Amino acid sequence: MSSGDTKIAAARRGADKFEIDALIGYVLLSGVILSVVLVIAGLAWAWTRTGRLGVDYTIAHVNLFQFVVDDLREVFRGALRPRLLTSLGIAALMLTPYARVLASLLFFALVEHNWKYSLFTGFVLAVLTYTLFLR
C-alpha cells in the first residue's frame, strides 16, 4: 500500500467517524429540541387557560412504555390538552438516549458492517429496552 493509499484510507476512517458523530448529534439535538418545544407549548397553553405557569397531574406507578402509550392514545383520540403536551415533551426527552443507541446500532450494522460494535450496541439497546418496562 502506497503512502497515498494510506492517507485515503485514513481520510475515509475520519469521514466515517464524522458521520456517526453527526448522526448521534442530530438525534440528540432533535430529541432535546422536540422536548423543549412540547414542554414550552404545554406550559404556555396552560398559562393562557389558567393564568398560571404549570400543569397539575401526578404520574401513576407506570413504566415509561405505559406512560408513552397512554399519552399517544390520548393524542389519537383527539384529547389534546396542556398536560398531554408537557407529558409528551418529558417522554421525548427520556426516549432521546434510546433513539441515540438505536441510531448507533443501525449505523454500525447497516453502514459500517461492524458486527462487534453492533453486538455491543445491541446489548446496550436490549438493556435500555428492558428498563423501559420496569416500574
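The values are calculated or read from the model by the stated rules, or taken from the named source; none is laboratory data. Remember, predicted model here, so these are calculated numbers, not experimental data. FYI the Cβ positions are ideal-geometry reconstructions off the backbone, even for glycines, and counts take in every protein chain you see.
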For LEU38, state whether it is closer than 23 Å to LEU128 by Cβ, free of Cβ contacts under 8 Å to residues at least 12 places away in the same chain and out of contact with any strand residue (DSSP E or B) (no Cβ under 6 Å at 6 or more places or on another chain).
no
Given the condition out of contact with any Pro (no Cβ under 6 Å at 6 or more places or on another chain), assigned to a helix (DSSP H, G or I) and closer than 19 Å to LEU132 by Cβ, answer yes or no: does some residue in region 44-52 qualify?
no
Taking the condition of being among the β-branched types (Val, Ile, Thr) and loosely packed, with under 10 Cβ neighbours inside 10 Å, how many residues in region 60-72 meet it?
0
Mind checking which pairs have a first residue in region 115-135 that is assigned to a helix (DSSP H, G or I) and a second that is of a type in the set (Ser, Thr, Tyr), Cβ under 6 Å, 6 or more apart or different chains?
THR121/SER104; LEU128/TYR98
Which residues, taken from region 1-40, are exposed (fewer than 13 other Cβ atoms within 10 Å of the Cβ), assigned to a helix (DSSP H, G or I) and either at pLDDT 95 or above or polar (S, T, N, Q) (or both)?
SER3, THR6, LEU29, ILE33
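Say whether the condition of being more than 16 Å from the chain's Cα centre (by Cα), without any contact (Cβ under 8 Å) to a residue 24 or more places away in the chain and surrounded by 13 or more Cβ atoms within 10 Å (Cβ to Cβ) is met by at least one residue in region 92-104.
For region 92-104, residues more than 16 Å from the chain's Cα centre (by Cα), without any contact (Cβ under 8 Å) to a residue 24 or more places away in the chain and surrounded by 13 or more Cβ atoms within 10 Å (Cβ to Cβ): absent.
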